[in-house]
Amino acid sequence: MSGIVVHSPAESDGGPVTLRLGPGERVLFGCGSTAKPVGLRFADEAVSRLAGEIHATDDHWQLSNLSTTHGYLVENPEGAGEYLRVPPRRVGAPIPFEFSRVVLPSRRDTPVSFLVFAPDHVYLDPHTSGGSWDSRTLTAYSLDETATYFLVLVALCEPWLRDRSPVAVPTTPEVVERLRGHSGRTGLTARAVSSHIDYLADEKLRIGAPAAPGADRAQRRNGKREAVVALALKFGIVREEHLALLPPRSGTAAADGGV
């Protein structure tokens, strides 16, 4: 992946916003105004008109805190509580997480926050050892098997891996239900699952599946899920041993499906 994806679950108009920034591109966020427009706007009295700036680079992203009074938190939702604090007036703080939640102070019951999907963290092929950096092989698809997006991918591929010859890829609500019992993903929503599928298709697996002429939003979403599953199974990105990442199945489904 080159560049980053910024996703705000709800802006001031009540709708989600997704922005894509290529290397070198920047976007301001804050309350904004006619004189000071921003690319990512939040209607909260505790958020400055120019609260901060996101800067995408080749292999990471940077956060500038333009507030003179408030510090911001950058959390790693995939980790074990890791976070870093960006103090007021800090410019260009490098963010090490591949998936981040930026949290701004608010006078509401819940803080203002948005998500950032960062550039790929590049990994060496696990079967490659020794030699110079230039001679080593990089993985074609750089996926973190501890990340939520990979868990979503395993859930999508599960019916095929259990040899049940399914006729359809699991829907987003079905994925949410399948992962409901996972101890580390209790708050996963349908919107979050959809965002992870978009991230997999557009950035991690770089599918870019074309939509059929006249296809509606649901059909495009189905086509994207099917393309993600097909590629993951074809290249062995998800394998049977990855099923252990999923929570145990209950009832008759476990009895019928084997593992």
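Read the figures in this text as sums done on the coordinates, not as results from a lab. All values reported here derive from a predicted model rather than from experimental measurement. Quick reminder, even Gly has a Cβ in these numbers, built from the backbone with ideal geometry, and neighbours come from all protein chains shown.
³J(HN,Hα) across region 187-193 via Karplus (A = 6.51, B = -1.76, C = 1.60, θ = phi - 60°), whole Hz, x for Gly/Pro?
Whole-Hz 3J(HN,Hα) from phi for region 187-193: x, 5, 10, 4, 5, 5, 4.
Enumerate the calculated ³J(HN,Hα) couplings along region 53-61 in order (Karplus 6.51 cos²θ - 1.76 cosθ + 1.60, θ = phi - 60°), each rounded to whole Hz, writing x wherever the residue is Gly or Pro.
9, 10, 10, 8, 10, 5, 10, 6, 9
Based on the mean of other beta carbon atoms within 10 Å per residue, what is the order of 52-65, 21-34, most packed first?
52-65, 21-34
I'd like the distance between the alpha-carbon centres of region 142-165 and region 21-81, rounded to an integer number of Å.
The two parts, judged by their Cα centres, are 32 Å apart.
Given H placed on each backbone N at 1.01 Å, which residues far from residue 43 in sequence or on other chains put an amide H within less than 5 Å of it?
12
What shape does region 40-109 take by its C-alpha gyration tensor, where a ≥ b ≥ c are the square roots of the eigenvalues and a/c under 1.5 counts as rounded, a/b above b/c as prolate, and the rest as oblate?
Note, shape of region 40-109 comes out oblate.
I'd like the Karplus ³J(HN,Hα) series for region 31-46: coefficients 6.51, -1.76, 1.60, θ = phi - 60°, whole numbers in Hz, and an x wherever there's a Gly or Pro.
6, x, 6, 4, 7, 10, x, 10, x, 10, 10, 10, 8, 9, 5, 8
Hey, with R₀ at 22 Å, roughly what FRET efficiency would residue 82 and residue 183 work out to, going by the Cβ-Cβ distance, to 0.05?
Efficiency, from the Cβ-Cβ distance: 0.80.
Please work out the FRET efficiency for the pair residue 91 and residue 142, using the Cβ-Cβ distance as r and a Förster radius of 51 Å; give the result to the nearest 0.05.
It comes to 0.95.
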